[in-house]
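Some notes on the structure that comes next.
What follows draws every value from the coordinates through simple rules; no lab data is involved. Remember, it's a predicted structure, so these values are computed and weren't measured experimentally. Note that each Cβ is placed from the backbone with ideal geometry, even for glycine, and that neighbours are counted across all protein chains shown.
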C-alpha cells in the first residue's frame, strides 16, 4: 500500500498578513472526524516548539504569532440531532486552534497554513465534528448498507438534501447528518463567517478518525467499505464530485493494523480504487507522532497535532497541484 509520505521538513514563508481577493469565490475545506480532529494539542506547547525553531512560519521576527488574513478558521459542533453552535470564528493563527478558549488546537492550523499558502483565493477551514463518534455507526454515511456495527444500515432520510437529522432517538448516521447539516448552515450564511464573501466552492475534505471503531460501538472490519462510502457521499452531499479527500491514520497504529490498513487502502496511489487516483490521499501519521494513543489524545502533545496537520495539509496541496496540471 502506498500513502502520502511528504517530508515535514520544508518550511513555509511567513504569511504577508494581507487579505485575500474577495472577488474570487471562497475555497472551502470541510474537516470531519472525532475528538482528535476537534483538537487536544496544547497551544502553550505549540508556542514553545515554535520558539525553539519548529514551524517558524507561526511566529514573526518579534516572536509574535503570525496571522493568515486570507484563511478563515471556523469550528461548529453539535451532538447528533441537537442544534449546532459556533465555537470559533476568526482568522487563522497558531494561537487560535478550534479550542483556543481552552488552550488547545487540532490539525486545522497545519492544514490551513499550507493550503492558504498554495491558493490565491480566500480559504475557509470549516471544521464540523465532535468526539466519541464511530464511522461504523454515528458517522455512518447514507450509502452504507449493512456495513455498520452489527450489520446496521444508515437509518436517516437518504432523500433529504439538507441532511436534517430525523426526530427520535439516536440512529445510525445521526452524527453524519448533524455534522453535514452544520456545515451547510455555515455556507448558507457565508458572509457572517467570512466577511465580504459572496460565493464559495467546496474544494476539499479532511478526515481524522478511527479510535471509536476499535472498540464498542464500532465496526473495524467494515471500516474500509464505510470510508469509501464516506468519500463518495460527502462529495455528493456538497455537490463537489471532484473535491480531493485527505484522511490520516491514527498516530499509534503501524501498517498491518486493521483500521490503519483500511485508511491506507483508499489512498489513490494504492491502486485498489482506481477512481480515487489523484484525488484521495492518506497521510501515514505514525512516523511523526510523538507517542501516546488516540484514545488518550496523544497526551495533548502539540507537535503530534501540528505534524499531523502539516502532513494532511501537504497531502492536500499535492492533490490540488495535480488537479490543476
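Between the Cα long axis of helix 108-118 and the first principal axis of the chain there is an angle of about 70°, rounded to the nearest 10. In the chain, Cα pairs under 8 Å separated by at least six residues give a relative contact order of 24 percent. As a rough footprinting exposure proxy, the listed residues 166, 18 were ranked by other beta carbons within 10 Å of their own, and the order from fewest upward is 18, 166.
Return the percentage of antiparallel bridges among DSSP beta bridges fully within region 26-323, rounded to the nearest 5 %. If we restrict to bridges inside region 26-323, about 30 percent are antiparallel. Between the C-alpha center of region 62-123 and that of region 253-325 there is a gap of 20 Å. When the alpha carbon gyration tensor of region 153-269 is reduced to an equivalent ellipsoid, its three semi-axes come out at 27, 19, 13 angstrom, largest first. Of 121, 201, 108, the sequence from fewest to most neighbouring Cβ atoms within 10 angstrom is 201, 121, 108. Under 15 Å from a label point set 7 Å out along the Cα-to-Cβ vector of residue 198, the amide N atoms of region 22-48 belong to 22-26. A viscosity of 1.002 mPa s and a temperature of 20 °C, combined with the Kirkwood radius over Cα pairs in Stokes-Einstein, give a translational diffusion coefficient for region 26-323 of 114 µm²/s.
For the chain, find the longest principal axis of its Cα atoms and tell me its angle to the long axis of helix 223-237, 0 to 90°, nearest 10. Tilt of helix 223-237: around 70 degrees. Neighbour counting of Cβ atoms within 10 Å sorts the residues 76, 145, fewest neighbours leading, into 145, 76.
Calculate how steeply helix 174-188 sits against the longest principal axis of the alpha-carbon atoms of the chain, using the helix alpha-carbon long axis, and give the answer as 0 to 90 degrees to the nearest 10. For 174-188 against the chain, the angle is about 40 degrees.
Calculated mean residue ellipticity, 222 nm, the chain: -8000 deg cm²/dmol, from DSSP H runs (n ≥ 4) at -39500 (n - 2.57) each, averaged per residue and rounded to 500. Taking each residue as 0.36 nm, the span from residue 79 to residue 322 lengthens on full extension beyond its C-alpha to C-alpha distance by 83.8 nm. The distance between label points at residue 160 and residue 44 comes to 4.3 nm (points 7 Å beyond Cα on the Cα→Cβ vector).
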